[in-house]
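Undergrad: Below: one structure in structure tokens.
What follows is calculated from the coordinates using simple rules that are stated; it is not laboratory data. Note that the coordinates shown come from a computational prediction; the quantities given were computed from them, not determined experimentally. As a convention, Cβ positions derive from the backbone with ideal geometry for all residues, glycine included, and neighbour counts pool all protein chains shown.
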Amino acid sequence: MSRRRRRLIPGLGRKHPILNLLVVVILALGAYWGQSSWKQSSAPPAATGSTSEELTLVERVVDGDTLVISGGDRVRLIGVDTPETKHPNKPPEPFGQEAYEFTRRVAEGKRVQLRFDPGETKDRYGRTLAYVYVDGEFLNEQLIREGLARALTSYPFSADMKQVFRTAEAQAKSQKRGIWSLPRQQTDVGQNPAKRKAG
């Protein structure tokens, strides 16, 4: 009794072994590219600007929204305003220490990815402006969602990112988290969208 060989593709057999091999390679590459695309689409939200693919070490955290990275450069989180903790002319604001501790716990001593926005690259104090990702988590958004920062959306950065921040802030407000748990007059303390602090 003769055994029939299975054909990889109907209509093709021993007469076309190279064609069979070629189809198998194409199918394998298609599966690989599909998997690669899925991985990219599950990444955290990205700005429309450039990305630093290399990870950068955070040497220390100055306050909730300012980091010092390897080499001594200061990085200010785009779209985020945490309460004051070290202002020379103001007392510490409510939840300022909590914002500082949160950022320190999440980022200090870790390697982070910086993403940049074409609309905002440096602030008036010379700090680099960036979206910061730690272990795949979006630090800028986390601070706002936890109620440890206000969303600063009056500056010229990505409209998509502004919407991410507004959504995070609305959620924090509705859940009365952090600064949004305070009475209204305390929530407004230090709020001045026209002026960024020097941290």
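Undergrad: Counting other C-beta atoms within 10 Å, which of 104, 166 has the fewest, and how do the rest follow?
TA: Values: 104 17, 166 14.
With the sparsest Cβ surroundings first, the list reads 166, 104.
Undergrad: Moving to a separate point now. What order do you get for 69, 18, 144, 179 when you list them from fewest to most C-beta neighbours inside 10 Å?
TA: By the 10 Å Cβ count, ascending, the order reads 18, 69, 179, 144.
Undergrad: Looking at the stretch 56-182, what % of its DSSP beta bridges pair antiparallel, to the nearest 5?
TA: 85
Undergrad: Could you work out the local net charge near residue 109, counting Lys and Arg as +1, Asp and Glu as -1, over the other residues with Cβ closer than 13 Å to its Cβ?
TA: Once all neighbours under 13 Å are counted, the net charge is +2.
Undergrad: Quick check on the exposure proxy: order 68, 132, 112 from fewest to most C-beta atoms within 10 angstrom.
TA: 68, 112, 132
Undergrad: Give the peptides 95-101, 76-82, 172-178 in descending order of average Cβ contacts within 10 Å, highest first.
TA: 76-82, 95-101, 172-178
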